[in-house]
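S.K.: This structure is in structure tokens; I'll ask about it shortly.
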Amino acid sequence: MSWILTITTADEQVDPIIERLWDLGTSGIATLPADASSDCRLLAGFDNEANAETAHAALGGTIGPVDPTDWATPTPADIAVGDHVLTIDAGQSFGHGGHPTTQLCLRALERHLRPGRSVLDVGSGSGVLAMAAKALGAGTVTAIDIDPAAVAATRANAAANGLSVDTSAIDIAELRGSFDLVVVNMLIAELEPIASHVRRLANDLIIVSGALVEQRDRVHASLGVAAEVIEQTVDGEWIGDTLRVDQEPPA
């Protein structure tokens, strides 16, 4: 049995609460419109009651059990990218594409992805960025995520949108080859352990988001990129950067 913690909050509290929920062990988060008394409703899934109770004690809200086969079924959403509209069913991976960090990555893909290039989406979630890359003309797109539910959601969404995306639950450390563009949308705590592999797999551009403004130097340092910073963007407290890497990875 899975458990859901539901929290209603003001918009300005959403990002700090989401970061805290990840720290407390949530397996996924959905952001939904709330009622007239609040701006936003967060649904955080937990694999066991103990973790849900701990999060409830820390953040408040309400908790309850739910069948794991249908606990995360928010309404599909339409996401615009270039001249295309993608329909996203987040399923259990909780990524509709509306979060600022996803939007920063989408806009960067629109500006910097050249047709025919190979793209790797690291931590694909529901596949928003992978599908956007393909819709924008990428030659090949590979989407990886260690969560099987995310892989299934990416595969289903790509098929529903008529897009060809290679999906896999492979660990990034085991992935070989190189990609013209690597896009990664992760919190800094998730990025730093895998950053060397992100750098290893990129032969031209890295689009990175998910970190806070004050963490930008940590992002760049973790990637070991001493080359050109193509673009730095900000949405609220979140960054979205595009980096051009050296052709030869650092020793």
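The values are calculated or read from the model by the stated rules, or taken from the named source; none is laboratory data. Just so it is clear, the model here is predicted, and its values are computed rather than measured. Quick reminder, even Gly has a Cβ in these numbers, built from the backbone with ideal geometry, and neighbours come from all protein chains shown.
S.K.: Residues that are within 17 Å of Val208 (Cβ to Cβ), at least 1 per element: which strands (runs of 3 or more DSSP E) completely within the range 90-189 meet that?
M.R.: The strands (runs of 3 or more DSSP E) meeting that bar are 118-122, 140-144, 179-185.
S.K.: Taking the range 186-211 as the search range and keeping residues that are among the acidic types (Asp, Glu) and farther than 19 Å from Glu231 by Cβ, which one is modelled with the highest pLDDT?
M.R.: Per the stated criteria, the residue is Glu192.
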